[in-house]
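Taking it in order: structure first as structure tokens, then the write-up.
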Amino acid sequence: MLNIETLKPGLIKSGFLNNVIYFEEIESTNDLISSPDYPVDTIVIAEYQSRGKGRYLSKWESEKNKNLTFSLKKDFGLSKINNNSVLHFFSYCTFLTIKEILSTHKITAPELNLWIKWPNDIYYKEKKLCGILSETKFGSGIYIIGIGINCNQENFSENLSAVSLKQITGKKIDLNRLLLDLITSFSKNIILLSLSKKDDLFKKWKSFTKLIGKECEFLIQNTNLNNGIITDLNEDGSISIHINDEIKKFYSGELKLTYLSDSKTYK
Ligand code: BTN
């Protein structure tokens, strides 16, 4: 459980946020923060979401008081960045923070098992540890970035193929510390969102994906295709897959990876 009064000064001090809003229970932090009542540089944190949203209209399930579920509202200025850079930025910084937590819990070489699943989820081995949902109104420059991290939950529905930091480390995770570390990481790395650092950010993000060269199966419009080989991840947010003797590019809304050659099935 979060101790919001102790946490608030640290979050504000990071310089990344101006308003901290906390709820024990709401429907979805992403939905709430989209209201014009909340200015940019706000974070909405909830101990429990009754209608947590995932990508592809899925639900984000998270037990009360056990995990981190929050959304940020930021204006990065349209001329400077694009949607893909925003996704790359948040998954990269979240990845670094989680890697650090695993290292401090004596998980050796966490980078071997921790990876970013295109386009922006974070996995440990074949299970999902963190999901990120970014929403923007085209042309507004304002982004809503919702992040869910499985921290202290110990039981997940079988079909979710999820894992928590506690299951990996065997230790209870301090949610206050983790949230502060995440916001500090966003603040410290913000330079990566400037135009001159775009390529650098992309390379850093790509190095944690570990997908290139893997065999895959994927879903397109409810059709499952197999025997694909991932040949590249591109700066425009697409994935290149060699299938049926040609290399095709797909964008994240068009395709869902369902299987990789050296892992079990995942969703
Ligand atoms: C996904 O993996 O499909 C994205 C999951 C994003 C979940 C987070 S939890 C906080 C924020 N509020 C929501 O309703 N969803 C995001």
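Some points to look at:
- Region 106-130, subset touching a Phe, Trp or Tyr at 6+ places or on another chain (Cβ under 8 Å) and assigned to a loop (DSSP other than H, G, I, E, B), residue surrounded by the most Cβ atoms within 10 Å (Cβ to Cβ): Asn120
- Test: Asp181 is touching a residue at least 24 places away in the same chain (Cβ under 8 Å), within 14 Å of Asn234 (Cα to Cα) and not polar (S, T, N, Q): no
- With respect to the conditions (1) more than 12 Å from the ligand (Cβ to nearest atom); (2) within 18 Å of the chain's Cα centre (by Cα); (3) closer than 23 Å to Lys66 by Cβ, Thr169 falls short on a single one, namely (2).
- Verdict on Leu96 being closer than 17 Å to Ile147 by Cβ, more than 15 Å from the chain's Cα centre (by Cα), touching a residue at least 40 places away in the same chain (Cβ under 8 Å) and away from the ligand (no atom under 15 Å from the Cβ): no
- Among residues of region 50-71 that are among the polar types (S, T, N, Q) and in a loop (DSSP other than H, G, I, E, B), those with a beta-carbon under 6 Å from a residue that is more than 9 Å from the ligand (Cβ to nearest atom) and modelled with pLDDT of 95 or more at least six positions away or on a different chain give the pairs Asn65/Glu47; Asn67/Asn150; Asn67/Cys151; Asn67/Gln153.
- Restricting region 125-134 to residues that are more than 8 Å from the chain's Cα centre (by Cα) and farther than 23 Å from Asp236 by Cβ, the residue that is farthest from the ligand (Cβ to nearest atom): Lys125
- Here Ser103, Ser91 are screened, and the one residue that is closer than 26 Å to Lys188 by Cα, within 16 Å of the ligand (Cβ to nearest atom) and part of a helix (DSSP H, G or I) is Ser91.
- Listed conditions (1) of a type in the set (Lys, Arg); (2) on the phi > 0 side of the Ramachandran plot; (3) in a strand (DSSP E or B) are all met by Lys249, apart from (2).
- Of everything listed in (1) outside any loop (DSSP other than H, G, I, E, B); (2) at pLDDT 95 or above; (3) away from the ligand (no atom under 16 Å from the Cβ), the single unmet condition for Gly146 is (3).
- Each residue in region 48-69 was checked for being within 13 Å of Leu175 (Cα to Cα) and more than 9 Å from the ligand (Cβ to nearest atom), and 3 pass.
- Test: Ile122 is near the ligand (Cβ under 10 Å from one of its atoms), of a type in the set (A, V, I, L, M), in contact (Cβ under 8 Å) with a residue 60 or more places away in the chain and under 16 Å from Ile98 (Cα atoms): no
- Checked against (1) buried (at least 17 other Cβ atoms within 10 Å of the Cβ); (2) under 18 Å from the mean Cα position of the chain (by Cα); (3) among the hydroxyl-bearing types (Ser, Thr, Tyr), Ser58 meets all criteria but (1).
- Considering the conditions (1) within 24 Å of Ala46 (Cα to Cα); (2) within 15 Å of the ligand (Cβ to nearest atom), Trp115 is excluded by exactly one of them, (1).
The values are calculated or read from the model by the stated rules, or taken from the named source; none is laboratory data. In this text the structure is predicted, and so the values were computed from the model without any measurement. No Cβ is skipped: glycine too gets one built from the backbone with ideal geometry, and neighbour counts run over all protein chains shown.
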